[in-house]
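Okay, structure first, notes after.
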Amino acid sequence: MTSLEPMLSFTGIHKQFERRAILNAAALDLYAGQCHLLLGENGAGKSTLLRILAGLLKPDAADIHFHGYSKPTMSWQKSRPRLRDTVMYLHQSPYLFDGSVIKNLSYAKSATQGGSHNDEAVAEVLSWSGLDDLAESPAKKLSGGEKQRLALARAKLRNAPVLLLDEPTSNLDQQSRERTIALLASLRDEGVSMLIACHDLAGFSEIANGRYHLAEGRLVRSEA
Amino acid sequence: MQESLGNAVVEAIALLLSGDPALWEIIGISFTVSGTAILLAVMPAMVLGFALAFYQFPGRRLIIALSNTMLSVPAVVVGLTFYLLLSRQGPLGDMRLLFTQTAMVIGQIALAFPLLVAMSHSAFQAVDRRAWETAITIGQSSLGALFLIVREARFALLAAVLAGFGRIIAEVGASMMLGGNILHYTRNIPTAIALETSKGDFAQGIALGIVLLVLAFSLNILLHLFQGKGVLS
């Protein structure tokens, strides 16, 4: 795995909250078609790290290296637009907008097709996520598992090369967990790079290629 | 007294139903002035309300405190302030706006703006913080994300607009001072009610009062209908 060139690298990530260093020179690489787990104690800064990587939270410092670009290394601030086009972040409890399942899907802009997607693509992700029968149902009334699958369907439609997930199976029953993990495996097999913050190793061990352990602001990498 | 009040109410309803031109002209002026004021105030107020809810910037707390303070300023004080600004001796006297519908619109914007800011700020604050991040991360532009947030808060924002409209269409102080209650030009519902009542002509005052009551009732029923049945979704 280490012989592969990463698609995206982050170095020197620093973030403090009220003078407490949450991230201290953290660094990580993300590879196409690979899934890494992000482990750490509660409050270690996993969600903070994911939101920085997604371009949603400003770090105190960070450099981002987009491999394969003419100007690959940029500061977080300069790379924010590109980060938002490359990385998609899924909250632990997905936020779904008021309206039907299909309405929620319509809000997702494809990262690779100029923002648009056709009805066929929507039908495909509905079928992929097993939500065909719920297409017209109000999204906010779905069960936890269905909400998570809708969030993943939205991610598939978005077609971002990197997917960051914050404990995607917490609060889900066994069956929903298995369905969610199967969908994640399918995305990984399509070439999506994934970083999953989680506590439960067992659930993700089948799809994970490696792990990052976050402790005292630093990331330590280990192979699966 | 009871009999004369009853007669006045009957006469008021008859005036309304008969399409009395003088009465309906006053109603028209009220709706034109207040409608213009709310249309002009709503967009900047809601942008400010959004910024207050979603961004941290210098002076944010001061703006919140000011808009909350302005909520309790009487309309007549707002009217007096703009009267002094727009009167011939005032700094804006050369514009010759005093006793015009434009002056009334300015006064009503000043009244509606803080209410719209405070209520839209609350409306946007009630929207889950994840909504903005989700909108951005699914590929929406900042404008697209703003549209989605507005959509999420639409009922509360509509309530803000209705409350703002309700406040300015019924206020008498600023309209009287800035419009001057000129017949066929700046006489609106509240200034007409004040004038007709002082003259002892209760029928027209009651007729116009009924219009305001029906308006307030209709707007609230509409809002509840939209909220209950999801007409706006």
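The values are calculated or read from the model by the stated rules, or taken from the named source; none is laboratory data. Since this is a predicted model, take the numbers as computed values, not measurements. We place every Cβ from the backbone using ideal geometry, glycine too, and count neighbours over all the protein chains shown.
General remarks:
- Set side by side, the residues B:62, B:40, B:66, B:48 differ, and just one is farther than 28 Å from residue B:189 by Cβ, outside any loop (DSSP other than H, G, I, E, B) and under 18 Å from the mean Cα position of the chain (by Cα), which is B:48.
- Pair list, Cβ < 7 Å and 6+ apart or interchain, from segment B:90-112 residues that are surrounded by 18 or more Cβ atoms within 10 Å (Cβ to Cβ) and at pLDDT 95 or above to residues that are assigned to a helix (DSSP H, G or I) and among the charged types (D, E, K, R): B:111/B:167; B:112/B:167
- Within segment B:129-151, considering residues that are surrounded by fewer than 22 Cβ atoms within 10 Å (Cβ to Cβ) and among the small types (Gly, Ala, Ser), the one nearest to the other protein chains (Cβ to nearest Cβ): B:131
- Look at segment A:87-112: where a residue is within 18 Å of residue B:149 (Cβ to Cβ) and a partner is of a type in the set (D, E, K, R) and crowded, with 24+ Cβ neighbours inside 10 Å, sitting 6+ places away or on another chain with Cβ atoms under 6 Å, you get A:108/A:154.
- Yes/no for residue A:157 being free of Cβ contacts under 8 Å to residues at least 60 places away in the same chain, facing another protein chain (nearest Cβ under 10 Å) and in a helix (DSSP H, G or I): yes
- Listed by position, the helices (runs of 4 or more DSSP H) enclosed by segment A:46-141 that each have at least 1 residues that are among the acidic types (Asp, Glu) and within 13 Å of chain B (Cβ to nearest Cβ) are A:76-86.
Conditions (1) touching a strand residue (DSSP E or B) at 6+ places or on another chain (Cβ under 7 Å); (2) surrounded by fewer than 17 Cβ atoms within 10 Å (Cβ to Cβ); (3) of a type in the set (S, T, N, Q); (4) at pLDDT 90 or above, marked per residue:
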{"site": "B:153", "(1), (2), (3), (4)": "no, no, no, yes"}
{"site": "B:158", "(1), (2), (3), (4)": "no, no, no, yes"}
{"site": "B:165", "(1), (2), (3), (4)": "no, no, no, yes"}
{"site": "B:168", "(1), (2), (3), (4)": "no, no, no, yes"}
{"site": "B:174", "(1), (2), (3), (4)": "no, no, no, yes"}
{"site": "B:183", "(1), (2), (3), (4)": "no, yes, no, yes"}
{"site": "B:199", "(1), (2), (3), (4)": "no, yes, no, yes"}
{"site": "B:204", "(1), (2), (3), (4)": "no, no, yes, no"}
{"site": "B:214", "(1), (2), (3), (4)": "no, yes, no, yes"}
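- Qualifying residues in segment A:160-186 (those that are part of a helix (DSSP H, G or I) and charged (D, E, K, R)) - the one nearest to residue A:50 (Cα to Cα): A:177
- Segment A:173-187, residues that are out of contact with any Asp or Glu (no Cβ under 9 Å at 6 or more places or on another chain) and either farther than 21 Å from residue A:46 by Cα or among the hydrophobic types (A, V, I, L, M, F, W, C) (or both): A:173, A:174, A:175, A:178, A:179, A:182, A:183, A:184, A:186, A:187
- The lone exception for residue A:90 - which of (1) closer than 17 Å to residue B:134 by Cβ; (2) of a type outside the set (S, T, N, Q); (3) at pLDDT below 95 it fails: (3)
- Tally of residues being over 16 Å from residue A:151 (Cβ atoms) and either without any contact (Cβ under 8 Å) to a residue 12 or more places away in the chain or not β-branched (Val, Ile, Thr) (or both) across segment B:133-152: 9
- Residue in segment B:115-128 that is surrounded by fewer than 18 Cβ atoms within 10 Å (Cβ to Cβ) and either without any contact (Cβ under 8 Å) to a residue 24 or more places away in the chain or not small (Gly, Ala, Ser) (or both) present: yes
- Here A:158, A:218 are screened, and the one residue that is modelled with pLDDT under 95, over 30 Å from residue A:118 (Cα atoms) and not aliphatic (A, V, I, L, M) is A:218.
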